Every structure is written in C-alpha cells, then in structure tokens.
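Have a look at the structure below, then the notes.
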2 protein chains.
Amino acid sequence: MTYCVGLRLDAGLVLLADTRTNAGLDNISRFRKLFTWEVPGERVVALMTAGNLSVTQGILTRIEAALARAAAGEEIETILNAESTFRVAEIIGELMREQQQGHREPLMAQGVSADASIIVAGQRRGGQHRLFLVYAAGNFIEATEDTPFLQIGEHKYGKPILDRIVTRHTTLAEALKVVCVSMDSTLRSNLSVGMPLDLAVIRAGECRLHINRRIEADDPDYLQISQGWSEALRGAFDTLPPMWGET
Amino acid sequence: MTYCVGLRLDAGLVLLADTRTNAGLDNISRFRKLFTWEVPGERVVALMTAGNLSVTQGILTRIEAALARAAAGEEIETILNAESTFRVAEIIGELMREQQQGHREPLMAQGVSADASIIVAGQRRGGQHRLFLVYAAGNFIEATEDTPFLQIGEHKYGKPILDRIVTRHTTLAEALKVVCVSMDSTLRSNLSVGMPLDLAVIRAGECRLHINRRIEADDPDYLQISQGWSEALRGAFDTLPPMWGET
C-alpha cells in the first residue's frame, strides 16, 4: 500500500509520500514514491506514485530515458521542455496508457492488479502552479479552489483532517503540519503505509524546490508533530461540552 | 453504506449507528441499523447491522419471531433467555449462516454482495458486559482491553480519532463525544453515511439501556459537538510547532 497527499494552495504546492511497498502482508519493501526534477527558476515537476510498482517504475524509466536523450541533444518532448504543466500531465497519462496496454492483461491473468495512479505537480515560468491526478486509464483531474488537495493510495484515514483544515488560503507552514498529521493518522491505522517519508514543497512562482527532504522515523520535527498532535487532540477533546447531560 | 461503532469500556457499552442505506448512488433510503432489547436489571442486548439489508433484515425477523414464540409460552432459546451474551453472539452467527446459505449464491449470480456483519453488545445479570463482531461466515471476534472498539461499514474515516482517544478507561461522557466525532468525520467524508443517528448506552452492571435515542440532524447537542470539534481541532492545530523552520 501507499499514502501520498498533495496540496495545491495559493502559496504553493506541498507533497508528502510514504515509502512502503508490499506484495502481500509478508513481503514488505522500501521504495521511493516521490520524484522531483527542476530547472531552478524555469520549471519544477514532482510526481508521486501509487499502485502496481512495475507499472509506475516503467513510467519513470521512460521519463528518465527521454530526459537523457534530450540532454544528449535530441529534439524530443520531455517533462522539462513540454509547453505547460498541463502537457506534463498529458505526457504522464500517455505513458500510463502505454504501460497499461503492455501489462494489464498478463497481470490480470495472474490475478494481479495493474492499477496505478500518479499525482503530478509543477510549475513552469509564466504558468500557474498546478496539481493533477492521473488515473490508470491515463485520464486526469486537477485540484481546484474547492478541493485543493489530492490523495492516492490509502486515502481514507488521513482525509478527515484535510477536510477540516485545508483551504486554498492555508499557509505553507500550516500545510506542512496538516500533511504530517494526515500521514501520521494513516501510519497509525494502516501497517502497509510506513516511514520514512519524502516531502517536497514548491512556493508559488519560484519554479524550484523550496523543500525536498527525506523524513526518517527519528526526525525530531516529525516526532514533535506526531506526539504533539495526540496531546493537542486530547486537549481539544477535553474542551468539548458534555452531551445529553452525561458527565 | 453504513457506519456503526461500538465501544466496550470498563464503564459500559456505547453504540452509535447511522441510518443511510443505498443501492447504488441514486437509490438512497433510511433504515434503522441499531436494535435493542431489554429486560431491565436482567438482560440487555443491542445489535448494529451493516451490509446486505435483506440478509440483516432476515436475521432480525428470525430474532423477533423467536421472541414472539417465547412470549407466547413456547420453550425456545432466544437472545433474551440464552445462557450468556457469548451465546447470544453464537445465535446471531447461526442466523447469519442460515441467511448466507439461503441467499449468497442467488445474490452472487446477480452480481450483488451478500456480505453482512453485525455488532452484538449486551450483558446479562451476573455476567460481564461484552461486545462482539459477527462476520458473514457466522464466526465472531470480541472487543478486548487492547482494542476496546469495533466498527462495521465505512470504518476508516472515523478510526484515527478512536485510535488516539479510546482506552478501556474512557468514561461514558468522553465516549459519547468520541463516537460522535468519529461519526461526524465519516459523515463529512462519505455521502453514503447519513443522519439521523441512533445511540445506545449501557452502563456496566445495570443490564438496562441507560440512553437509547435517535439523534436528528438538528439535535443541538450533536450540532455543538460537530461544530465545536472543527473549532477545537483548528485550535489544537494552531498549538503545533512549526516544522523545519517554516513559519
């Protein structure tokens, strides 16, 4: 399983992903699910992946292969020279379709799901910062003012806190806290989501990675949030009035 | 869909269920999912149901039919004269198996799930107050000191708050608040769970219903918790320290 959450705020983009992958309950591995590219000041792209690992790795390999060919002088379209962030999402959707066409039937014959989904975030100079969710069929949706966050993988445990806190006006400092609380709720409730985490923050208009870090299980800031939240929640809870006179 | 949550605390049993049933997204109805019986001071039994409505209604009809026959003087086993609350769970499990045997294959042939699950709570005089979860196969588990709550239906959105707050030592007053917050998180995130709610509280040792009420959408105590929690959560959130220096 996986949990990845992305916020599209007026202030910028915040992405947080876990690193646990499992084939059944007894085969657990660690794989990065957050990937970033930048030409600072010009363009930044970040992806988060969920679902069948061979499918998402296949997509990443093709992205990197195209970037390598472009770097070697070939004139081909890549996620770093595409005309817009919308076009980057289209490219990811096309790569998704390619992978699904190649692998879906043989996987299904083995009773294995080929499902995968990818969150695409980024900004190019002169464009807006945008956040997309690409489905297994290659189609995609975009985060909007009404729903400024997108989730993939095990999304339910971490959704209530997002529903209550996140608006387009949420600051980046608040956003860091809220994605960590959302992740922490998921980690506590689903063993197939696990530390360490990967975090990326892109400030609106900067077209570069403002934060791009791994968060290990002993990270003091993360621990402070994780423990602090349980205490804060307990405190909040104690302020609620008694119900139906029961004290 | 459905959300039902039951707590088994040292102080007693707390049960909360929604009332929304849907066959697809466009066919939504209201059906009670919490059912109670009591011989005050002698025995109390409460059930909460999730899953295929024809299956759970079939079980309830058989429970009521047995109670009616016993009331008419027939010497048969019912949930109100069974030797223990454990035996009550066994009876529900047997009725579940009967229903599954009768309906499972024809339902599956129609592509409809026959899955169902039932939370059984109760106490008889001289026994412990107990909380069970009966699965579609008729087998069941019991809430313990380590995991003092059980959920059926759409359980994920409402689980993080239970994980963080509920222990066997939680008071009944706190328990009322926590199940309402858990339900409120679920209502906000899943449209197929809906008001009104049904609440039952059984104090340990009393063998009677201490609270047994319907909570309508305009219930002032419920609204106070629902709105109060969003504000309390926001306050708790603001007490968290900034992460990685981002302010």
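Evaluating residue B:133 against the criteria (1) open to solvent by less than 20 Å² (accessible area, probe 1.4 Å); (2) within 12 Å of chain A (Cβ to nearest Cβ); (3) in a strand (DSSP E or B) leaves one unmet condition, (2). Scanning the stretch A:157-173 for residues that are assigned to a loop (DSSP other than H, G, I, E, B) and either open to solvent by less than 10 Å² (accessible area, probe 1.4 Å) or facing chain B (nearest Cβ under 9 Å) (or both) yields A:157, A:158, A:170, A:171.
Cβ-Cβ contacts under 7 Å between residues 6 or more apart (or on different chains), taken from a first residue in the stretch B:174-188 that is more than 8 Å from every other protein chain (Cβ to nearest Cβ) to a second residue that is part of a helix (DSSP H, G or I) and among the hydroxyl-bearing types (Ser, Thr, Tyr), are listed as B:184/B:226. Looking across the stretch B:9-49, just one residue is open to solvent by 10 Å² or more (accessible area, probe 1.4 Å), in contact with a Cys (Cβ under 6 Å, 6 or more places away or on another chain) and assigned to a strand (DSSP E or B), and that is B:43.
Among the conditions (1) touching a helix residue (DSSP H, G or I) at 6+ places or on another chain (Cβ under 6 Å); (2) assigned to a helix (DSSP H, G or I), residue B:234 misses just one, which is (1). Kindly indicate whether residue B:152 is free of Cβ contacts under 8 Å to residues at least 40 places away in the same chain, closer than 30 Å to residue B:38 by Cα and in contact with a strand residue (DSSP E or B) (Cβ under 9 Å, 6 or more places away or on another chain). Here the answer is no, as residue B:152 does not meet what is asked.
How many residues does the stretch A:182-231 contain that are modelled with pLDDT of 95 or more and among the aliphatic types (A, V, I, L, M)? So the count comes out to 10.
Just a yes or no: is a residue in the stretch A:109-120 at pLDDT 95 or above, more than 14 Å from chain B (Cβ to nearest Cβ) and more than 19 Å from the chain's Cα centre (by Cα)? No. Looking across the stretch A:98-122, the residues that are polar (S, T, N, Q) and either in a loop (DSSP other than H, G, I, E, B) or surrounded by 14 or more Cβ atoms within 10 Å (Cβ to Cβ) (or both) come down to A:99, A:100, A:110, A:113, A:117. Any idea which of B:194, B:138, B:122, B:111 is more than 30 Å from residue B:217 (Cβ to Cβ) and touching a residue at least 12 places away in the same chain (Cβ under 8 Å)? Step by step, each of B:194, B:138, B:122, B:111 is checked, and only B:138 is more than 30 Å from residue B:217 (Cβ to Cβ) and touching a residue at least 12 places away in the same chain (Cβ under 8 Å). The single residue among B:179, B:201 that is more than 23 Å from residue A:166 (Cβ to Cβ), part of a helix (DSSP H, G or I) and within 15 Å of the chain's Cα centre (by Cα) turns out to be B:179.
Report yes if some residue within the stretch A:78-95 is more than 27 Å from residue A:5 (Cβ to Cβ), over 18 Å from the mean Cα position of the chain (by Cα) and open to solvent by less than 70 Å² (accessible area, probe 1.4 Å); otherwise report no. No, because not a single residue in the stretch A:78-95 is more than 27 Å from residue A:5 (Cβ to Cβ), over 18 Å from the mean Cα position of the chain (by Cα) and open to solvent by less than 70 Å² (accessible area, probe 1.4 Å).
With the requirement that a residue be of a type in the set (A, V, I, L, M, F, W, C) and buried (at least 20 other Cβ atoms within 10 Å of the Cβ), what does the stretch A:141-151 give you? Result: A:143, A:149, A:150. Being at pLDDT 95 or above and charged (D, E, K, R): is that true of residue B:164 here? No: the conditions fail for residue B:164. Within the stretch B:212-235, the set of residues being hydrophobic (A, V, I, L, M, F, W, C) and open to solvent by less than 20 Å² (accessible area, probe 1.4 Å) comprises B:215, B:225, B:229, B:232, B:233.
Out of the residues in the stretch B:200-246 that are basic (Lys, Arg) and over 30 Å from residue A:176 (Cβ atoms), which is farthest from the other protein chains (Cβ to nearest Cβ)? So, considering only residues that are basic (Lys, Arg) and over 30 Å from residue A:176 (Cβ atoms), the one farthest from the other protein chains (Cβ to nearest Cβ) is B:208. Within the stretch A:190-199, the set of residues being at the interface with chain B (Cβ under 9 Å from one of its Cβ atoms) and open to solvent by less than 20 Å² (accessible area, probe 1.4 Å) comprises A:199 only.
The values are calculated or read from the model by the stated rules, or taken from the named source; none is laboratory data. Everything numeric here is computed off the predicted structure, so don't read it as measured data. Using ideal geometry, Cβ is built from the backbone for each residue, glycine included, and neighbour counts are taken over all protein chains shown. What goes into the accessible areas is simple: the full protein's heavy atoms, side chains included, and nothing from ligands, DNA or RNA. Shrake-Rupley method; radii C 1.70, N 1.55, O 1.52, S 1.80 Å.
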